[in-house]
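Student: Here it is: the structure, laid out below.
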Amino acid sequence: MLIKGYIDESYNPDVFTLSCLLGQIKTWAAMSSAWKKCIERWNAKLKAEGRKPLSRYHAKDCGNLKGEFAGWSTDEQRALTSDLIAIFKKHPVVVMAFSINLREFHSVFPEAKKEAQHDVMSFVYGMMTKFLLFQLGREMGGRNRFSLIFDQGPYASSMLRGFTQMRADKGFEHAECFTSFASMAWEDCIPLQPADLIAYENFKETCRQINPRKRRRTLELLLDLDSFGGRARYVNREALLALRDVVRKKISV
């Protein structure tokens with residue numbers, strides 16, 4: 001089965017989350033249409049009120065009422081989020097996400113700063129891309145084939161390099177499961193918007209584990225859906241140490 005996945009990330013100085021939202025091609029076509037219509041309905045409302053329309057949904061800005069969401073009320077914020085979650089209810093998708101504590105990461109991978117020179121995040125993006133592919137292949141490989149899209153950004157080349165290295169690594173037994181890996185601009189790829197929402201929610205959930213607080217209502221609503229499933233993992237120090245062995249011995253960073 002061919003599965004399309006859309007990758008996005010969310011992070012701050014403490015936590016980095018890489019998330020991949022996966023579904024069948026027909027699911028993405030229907031979900032993209034529903035998502036586009038939802039944003040268009042909200043834009044029609046905003047224009048009627050003499051307000052600036054949205055260019056897209058951006059989870060971080062919506063959650064913090066910044067950027068294009070500046071001036072929105074919390075009631076509007078919640079109403080838009082509810083409308084978008086209703087789309088997930090009708091279109092089944094699966095998420096695979098991984099989060100790391102960046103401080104622990106640097107203590108386990110001290111070579112990152114040296115190898116990445118002035119931009120440590122390039123190392124993080126590349127390594128986490130490899131880890132995502134490794135886990136996708138191990139847990140969902142077999143007869144499945146994956147076509148993956150990720151958001152264009154300053155670290156797109158790091159992610160592509162990670163993918164290329166994984167595909168070329170003879171020790172990676174699931175390399176044949178990955179048919180393509182390409183970057184697209186959010187303007188041209190609506191599914192990157194729901195991928196952004198899921199990446200942000202997984203990121204906030206990891207932050208909650210580090211600094212205990214109440215789980216976000218958005219994530220609770222998503223987890224209650226029969227159409228939404230998958231795995232979101234916090235890679236703790238012990239797991240990072242195990243990952244280091246995999247990276248150094250098998251994946252050859």
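The values are calculated or read from the model by the stated rules, or taken from the named source; none is laboratory data. All of these numbers come straight from a predicted model, not from anything done at the bench. Please note: Cβ atoms are built from the backbone with ideal geometry, for glycine as well, and neighbour counts cover all protein chains shown.
Student: Just to be sure before I move on: is Glu220 of a type in the set (Asp, Glu) and in contact (Cβ under 8 Å) with a residue 60 or more places away in the chain in the structure I sent?
Tutor: Working: of a type in the set (Asp, Glu): yes; in contact (Cβ under 8 Å) with a residue 60 or more places away in the chain: no.
Answer is no for this residue.
Student: Within segment 142-162, can you find the residues that are surrounded by 18 or more Cβ atoms within 10 Å (Cβ to Cβ), over 13 Å from the mean Cα position of the chain (by Cα) and outside any helix (DSSP H, G or I)?
Tutor: Hits for segment 142-162 are Phe146, Tyr155.
Student: Sticking with this structure for a sec: Would you mind finding the one in Phe105, Phe98, Phe123 that is aromatic (Phe, Trp, Tyr), out of contact with any Asp or Glu (no Cβ under 9 Å at 6 or more places or on another chain) and part of a helix (DSSP H, G or I)? Break it down into steps so the answer makes sense when it comes.
Tutor: Values: Phe98 fails: part of a helix (DSSP H, G or I); Phe123 fails: out of contact with any Asp or Glu (no Cβ under 9 Å at 6 or more places or on another chain).
Being aromatic (Phe, Trp, Tyr), out of contact with any Asp or Glu (no Cβ under 9 Å at 6 or more places or on another chain) and part of a helix (DSSP H, G or I) holds for just one of Phe105, Phe98, Phe123, which is Phe105.
Student: Does Trp28 count as of a type in the set (Phe, Trp, Tyr) and either over 20 Å from the mean Cα position of the chain (by Cα) or modelled with pLDDT under 95 (or both)? I'd like the intermediate steps shown before the answer.
Tutor: Values: of a type in the set (Phe, Trp, Tyr): yes; either over 20 Å from the mean Cα position of the chain (by Cα) or modelled with pLDDT under 95 (or both): no.
Taking the combined requirement at face value, the residue does not satisfy it.
Student: Starting from segment 73-87, keep only residues that are touching a residue at least 60 places away in the same chain (Cβ under 8 Å), then list their pairs with residues that are surrounded by 12 or more Cβ atoms within 10 Å (Cβ to Cβ) whose Cβ atoms are within a distance under 6 Å, requiring at least 6 positions of separation or different chains.
Tutor: Between residues of segment 73-87 that are touching a residue at least 60 places away in the same chain (Cβ under 8 Å) and residues that are surrounded by 12 or more Cβ atoms within 10 Å (Cβ to Cβ), the close pairs are Thr81/Thr218; Ile85/Leu221; Ile87/Ala34; Ile87/Trp35.
Student: So, of the residues in segment 193-219 that are part of a helix (DSSP H, G or I) and polar (S, T, N, Q), which turns out to be nearest to the chain's Cα centre (by Cα)?
Tutor: The initial filter retains those residues of segment 193-219 that are part of a helix (DSSP H, G or I), namely 193-210, 217-219.
So of that shortlist, the ones also polar (S, T, N, Q) come out as 193, 202, 206, 209, 218.
Details: Gln193: 10, Asn202: 8, Thr206: 13, Gln209: 18, Thr218: 16 Å.
My answer is Asn202.
Student: Search segment 26-42 for residues that are closer than 21 Å to Leu54 by Cβ and pair each with any residue that is surrounded by 15 or more Cβ atoms within 10 Å (Cβ to Cβ) and hydroxyl-bearing (Ser, Thr, Tyr) when their beta-carbon atoms are under 7 Å apart and the residues are at least 6 apart or on different chains.
Tutor: The qualifying pairs are Ile39/Tyr57.
Student: Any residue at all in segment 46-67 that's assigned to a helix (DSSP H, G or I), in contact with a strand residue (DSSP E or B) (Cβ under 9 Å, 6 or more places away or on another chain) and closer than 30 Å to Gln209 by Cβ?
Tutor: First, pick out the residues of segment 46-67 that are assigned to a helix (DSSP H, G or I): 46-48, 59-64, 67.
Retained after the next criterion (residues that are in contact with a strand residue (DSSP E or B) (Cβ under 9 Å, 6 or more places away or on another chain)): 59-60.
Checking the rest, the ones that are also closer than 30 Å to Gln209 by Cβ come to 59-60.
Looking through segment 46-67, at least one residue is assigned to a helix (DSSP H, G or I), in contact with a strand residue (DSSP E or B) (Cβ under 9 Å, 6 or more places away or on another chain) and closer than 30 Å to Gln209 by Cβ.
Student: Then there's this: Which residues, counting only those in segment 227-248, are more than 15 Å from Leu18 (Cβ to Cβ) and touching a residue at least 24 places away in the same chain (Cβ under 8 Å)? Please lay out each step first, then the result.
Tutor: Here is the first cut: in segment 227-248, the residues more than 15 Å from Leu18 (Cβ to Cβ) are 227-229, 236-238, 241-242, 244-246, 248.
If the condition is that a residue be more than 15 Å from Leu18 (Cβ to Cβ) and touching a residue at least 24 places away in the same chain (Cβ under 8 Å), then Ser227, Phe228, Gly229, Asn236, Arg237, Leu241, Arg244, Val246 are the ones that fit.
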